[in-house]
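Worksheet: one structure, shown below.
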Amino acid sequence: MTALLVAAALVLDTLLGEPRRFHPLTGFGRLATWLEARLNAAGRGQRRHGVAALALLVLPGVALAGWLQQQAAVGAAFSVVVLYAAIGLKSLHRHAEPVAAALARNDLDAARAGVSMMVSRDTTALDTEGVARATVESVLENGNDAVFGALFWFVVAGAAGALGYRLVNTLDAMWGYKTPRYLQFGWAAARLDDVLNFIPARLTALSYALLGRTRSALACWRAQAAAWDSPNAGPVMAAGAGALEVRLGGAAVYHGRTEVRPPLGQGAAPQGSDIARALGLVRRGAGLWLALLVVASLLARGAGLA
């Protein structure tokens, strides 16, 4: 049953993509912004305020989803809709492909504008290589955050798992910065996101390795992941860079401050054409996960019949 629900959600994502209007995560983001402004006014909120905000924003929805997914009349349809809203495979393409197209026609301004919609770093001074690098990094990392993480938690806990994962991931994206305003308030969202992503990130890294240059991906994962600031983005991006045999990492400007990030991957500097290769890696990974779910379902059914 799980494989069928996942397949249905992936088909909806392929056909419809991310809702352009009234996306539930957009409304959730507005609610989170409103609550943060009250519990973290002028950046004075402490960790306990961040924990309270996290609980208020996540627990009611997860509890409701857990109840609805068990209802015979609407459970299956509800679960498919939640997973469809939680994954963003088509959205990755919609954001990354225009950047690749702009680079192909040497329109650097359009490419910078496009990648600025995908990353939090300053993109105004990026050259062609910098734009390609930022886009490939975003695709690889969001392959985990917007696709594989949601799929993993759906398999584990159904719609409630996928919803809880995406809500926490959204709060981490909003509050998980080590800036004076969010260092304390965003601590709970960042730490919980790390916990929820620990297994999915490593499964994502393994998927990238299996579907790309396997030996290079595994070597980069082993040698480079630990140096990355995030315990989960490190394996994902190191394995993805190795699988594509491109060099990622290096200096990037965040919130007006230059951060020199450890190198990832090996081989040539990324080019615009590598964006499509990164998207293909994520897309094939989703297909691999679905195929494995189908096989697991058939094996479980066979064991039950036996």
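Of all residues in the stretch 79-122, exactly one satisfies the criterion of being of a type in the set (S, T, N, Q) and crowded, with 22+ Cβ neighbours inside 10 Å, namely 79.
List, please: which pairs have Cβ atoms under 7 Å, are six or more places apart or on different chains, and start with a residue in the stretch 271-298 that is over 22 Å from residue 12 (Cα atoms) and end with one that is outside any helix (DSSP H, G or I)? Correct list of pairs: 274/246. Regarding the stretch 59-79, can at least one residue be identified that is part of a helix (DSSP H, G or I) and within 25 Å of residue 138 (Cα to Cα)? For the stretch 59-79, residues part of a helix (DSSP H, G or I) and within 25 Å of residue 138 (Cα to Cα): absent. For the stretch 37-56, does any single residue satisfy the condition of being in a helix (DSSP H, G or I), over 20 Å from the mean Cα position of the chain (by Cα), among the polar types (S, T, N, Q) and at negative phi? No, the stretch 37-56 contains no residue that is in a helix (DSSP H, G or I), over 20 Å from the mean Cα position of the chain (by Cα), among the polar types (S, T, N, Q) and at negative phi.
Among the residues of the stretch 212-229, the ones that are within 21 Å of the chain's Cα centre (by Cα) and either modelled with pLDDT under 90 or within 19 Å of residue 280 (Cα to Cα) (or both) come to 4 in all. Considering only residues in the stretch 1-24 that are out of contact with any Leu (no Cβ under 8 Å at 6 or more places or on another chain) and part of a helix (DSSP H, G or I), the one that is farthest from residue 163 (Cα to Cα) turns out to be 15.
Apart from one condition, residue 153 fits all of (1) within 17 Å of residue 274 (Cβ to Cβ); (2) touching a residue at least 12 places away in the same chain (Cβ under 8 Å); the exception is (1). Sub-8 Å Cβ pairs linking a first residue in the stretch 197-226 that is surrounded by fewer than 22 Cβ atoms within 10 Å (Cβ to Cβ) to a second residue that is among the aromatic types (Phe, Trp, Tyr) and in a helix (DSSP H, G or I), at least 6 apart or interchain, are 199/152; 203/148; 203/152, ordered by first then second residue. Restricting 250, 265, 287 to residues that are surrounded by 18 or more Cβ atoms within 10 Å (Cβ to Cβ) and either in contact with a His (Cβ under 9 Å, 6 or more places away or on another chain) or within 28 Å of residue 98 (Cα to Cα) (or both) narrows the list to 265.
Of the residues making up the stretch 169-178, those that are out of contact with any Leu (no Cβ under 7 Å at 6 or more places or on another chain), closer than 25 Å to residue 66 by Cα and crowded, with 22+ Cβ neighbours inside 10 Å number 2. Quick check: anything in the stretch 257-269 over 28 Å from residue 56 (Cα atoms), hydrophobic (A, V, I, L, M, F, W, C) and in contact with a Ser or Thr (Cβ under 9 Å, 6 or more places away or on another chain)? Checking the stretch 257-269: not a single residue is over 28 Å from residue 56 (Cα atoms), hydrophobic (A, V, I, L, M, F, W, C) and in contact with a Ser or Thr (Cβ under 9 Å, 6 or more places away or on another chain). Within the group 248, 211, 203, which residue is at negative phi and touching a strand residue (DSSP E or B) at 6+ places or on another chain (Cβ under 6 Å)? The match here is 248. I'd like to know if the stretch 117-125 contains one or more residues that are at negative phi and part of a helix (DSSP H, G or I). No, that holds for no residue. Considering 166, 181, 191, the condition of being in a helix (DSSP H, G or I), surrounded by fewer than 20 Cβ atoms within 10 Å (Cβ to Cβ) and of a type outside the set (S, T, N, Q) is satisfied by 191 alone.
The values are calculated or read from the model by the stated rules, or taken from the named source; none is laboratory data. Since the model is a prediction, treat every value here as computed from it, not as a measurement. Cβ sites come from the backbone with ideal geometry, for glycine too, and all protein chains shown count toward neighbours.
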